[in-house]
């Protein structure tokens, strides 16, 4: 049985001037609409999904006392959303990881009874010392490895830094987990490290966000779990073919968030490489920016600069063609595609925010002002209102259009971390 | 291709039974009778990339190794019937070939005839490449049928023009709007005694005389440039360099359905050749004498090789437009089988229009 096709749309100006080499295209990929029967058939029903919730039981979770209570409530809310038949588990993390439910490290089949049992265990979780996220992920990976489920997803919740293992240990754990499951990460409060959680989320194809107020945690967990339950196709890769002697400059996801995939290429043929995109929900749509440098052909010639396909295993789910046509008509070759321009700006926006915050951290106020000012201008131009709001909590905006800003003397840690974690969120030009 | 219909009225060359001028097969022995060749159309493109031997070709026509778009059947096409041959080429600046040509030979009760049609799709119209092909194909059918029957050639030329006109009308799908599929038109029919040329637009016919004296342009462009020259406002060079110089004022297409073609006929004094070409060639050699210098004496003995040389000349000069050149020897002698078959499509002849 063949799956419904993914739609692949290519937005580009294919015209290059004589001798032109660089081809840019925005590729919009949209998964087929949710179809309960097809999803169940292609994935073999509920048992094709496995979920693990990893909850930090670090001592600091005890202070303020409300935090651990909120974390328990959030975990319970997420458990409530797990559909009957899906296999799941809860891992309690400290300086070691231990299975909290089921206690034997297996995955339970979701049912009203098993969900209640899990929630009772979670309600009794007590704070204890230590944070070693690598060991938590390794345990989750082991538990998933015994599951036949195609869609394997975890939620990791922490409120602290990865203090009880070396960065090297985390790196090793991540390379062991890459491709085995996806993981959304959430940081509660302001004592955790944005870069650390972003590393985990990026490697494991998940999202990262701050939950500054623990009261919002339950709603966030529930929504994450609903998204996970909506995933239809697992382990999809973006396959990019390029002509001989061409250089693939970069492959970036640019919507809903900026994520540079360039270095994550796995060779899949003599002129093709695969970039992991994880699991796709019904109707889910993402945009990619592909930039290829080709060997110029003569005016009037046409070349296939890249073929972008979506593949799951050996199955091609959809494909789009990026073309190059050389012309001596300047009116054609100088046109800049609006989508390419927009996402080039969004990627620059994310980078400017991260560079600006980094400079601010190191006390380089001039650079921080310049970078965050540029970010304000880009957010204004592109209509990225969410990012503009976050920026306004870190800088005083004197003139948004020109990006004239002043660093705020006093910035709430939570606001700075929110800007950092959400800097990669983009807005789309269409729809 | 199989042999032509017999000289003795209309008899099948295989079995000698009589055949009708419009027949494409002999009713008695099922032998195939001569048909018109039309450039492009169908899967005539190369099946492999010239730079990457052995590399597969994608369904969209790109080389799976170097990514280059392979030329389609219309990008470069050579047709050869011995006494006449034509070459059409995309040129160096356009991404597709919107020129088309059709050639045919026929035996009538009075001897051999050669038929050629060149059409240049108007690039501001819809589907100009298909329009040019459809027009050339439709016209060649009518001319072939008429030549087999030795009908009045001037009248047949007008009917052929009308058939091309109807083909584009059908393509326009009832739309009479500006920008409906349209093309220029020039046809030539060479019999043992006469050359008949019919045209509308700026594709041209030339008479190339080996003695030099009779060499001349047979057509007069329906273009803004020609109008400026005719009114004495500009020299030909100035007119063609003017911004609207290449704008055609006559064409076939649904948006100009009342258009009437020009028809001329003349009896050459001696042997020579007729050249039909699109502006992609004559842009680089306006004067008939210059074209004759390039095409003679080759056109008399090797029409295909000479047409190819004309295309090469235009490409070397810049190849700014699509280029088509058809050369027909006068008088049309017995056909020589093509030595090196090139991509072409077989066309069947119609009932007389």
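The values are calculated or read from the model by the stated rules, or taken from the named source; none is laboratory data. As the structure is a computational prediction, the values presented were derived from the model and not from experiment. Don't worry about glycine lacking a Cβ; one is built from the backbone with ideal geometry, like all the others, and counts go over all protein chains shown.
Details
- Residues in the stretch A:310-319 that are closer than 26 Å to residue A:13 by Cβ and crowded, with 22+ Cβ neighbours inside 10 Å: A:310 alone.
- Lone unmet requirement of (1) crowded, with 20+ Cβ neighbours inside 10 Å; (2) farther than 14 Å from residue A:225 by Cβ for residue A:103: (1)
- Selected residue (criterion: surrounded by the most Cβ atoms within 10 Å (Cβ to Cβ)) from residues of the stretch A:320-331 that are more than 7 Å from chain B (Cβ to nearest Cβ) and in contact with a strand residue (DSSP E or B) (Cβ under 7 Å, 6 or more places away or on another chain): A:324
- Any hit, the stretch A:102-111, residues being out of contact with any strand residue (DSSP E or B) (no Cβ under 9 Å at 6 or more places or on another chain), at pLDDT below 95 and closer than 26 Å to residue A:173 by Cα: yes
Yes/no matrix, rows are residues, columns are (1) in contact with a helix residue (DSSP H, G or I) (Cβ under 7 Å, 6 or more places away or on another chain); (2) over 21 Å from residue B:89 (Cα atoms); (3) in a loop (DSSP other than H, G, I, E, B):
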{"position": "B:228", "(1), (2), (3)": "yes, yes, no"}
{"position": "B:232", "(1), (2), (3)": "no, yes, yes"}
{"position": "B:239", "(1), (2), (3)": "yes, yes, no"}
{"position": "B:260", "(1), (2), (3)": "no, yes, yes"}
{"position": "B:269", "(1), (2), (3)": "no, yes, yes"}
{"position": "B:285", "(1), (2), (3)": "yes, no, yes"}
{"position": "B:292", "(1), (2), (3)": "no, no, no"}
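- Any hit, the stretch A:225-241, residues being within 14 Å of chain B (Cβ to nearest Cβ), closer than 24 Å to residue B:65 by Cα and at pLDDT below 95: no
- Condition met for residue B:3 (under 27 Å from the mean Cα position of the chain (by Cα), within 30 Å of residue B:300 (Cα to Cα) and modelled with pLDDT of 85 or more): no
- So residue A:287, is it buried (at least 23 other Cβ atoms within 10 Å of the Cβ) and touching a helix residue (DSSP H, G or I) at 6+ places or on another chain (Cβ under 8 Å): yes
- Only one of the listed residues (A:406, A:335) is surrounded by fewer than 18 Cβ atoms within 10 Å (Cβ to Cβ), at pLDDT 95 or above and not in a helix (DSSP H, G or I). That residue is A:406.
- Test for residue B:255: is it modelled with pLDDT of 90 or more and more than 17 Å from residue B:331 (Cβ to Cβ): no
- Members of the stretch A:300-314 that are within 11 Å of chain B (Cβ to nearest Cβ) and not in a strand (DSSP E or B): A:300, A:301
- Picking from residues in the stretch B:73-105 that are surrounded by fewer than 24 Cβ atoms within 10 Å (Cβ to Cβ) and in a strand (DSSP E or B), the one that is farthest from the other protein chains (Cβ to nearest Cβ) is B:78.
- Selection within the stretch A:352-374 - under 21 Å from the mean Cα position of the chain (by Cα) and in contact (Cβ under 8 Å) with a residue 40 or more places away in the chain: A:353, A:354, A:357
- Residue match in the stretch B:47-65 (condition: surrounded by fewer than 21 Cβ atoms within 10 Å (Cβ to Cβ), at pLDDT 90 or above and facing another protein chain (nearest Cβ under 10 Å)): yes
- Among the residues of the stretch B:170-188, some residue qualifies, meaning at least one is farther than 28 Å from residue B:91 by Cβ and assigned to a helix (DSSP H, G or I).
- The one condition from (1) within 11 Å of chain B (Cβ to nearest Cβ); (2) assigned to a strand (DSSP E or B) that residue A:297 does not meet is (2).
- Any hit, the stretch A:277-284, residues being under 13 Å from the mean Cα position of the chain (by Cα), assigned to a loop (DSSP other than H, G, I, E, B) and touching a residue at least 24 places away in the same chain (Cβ under 8 Å): no
- Taken over the stretch B:88-111, the criterion of being touching a strand residue (DSSP E or B) at 6+ places or on another chain (Cβ under 7 Å) and farther than 22 Å from residue B:327 by Cα is satisfied by B:95 alone.
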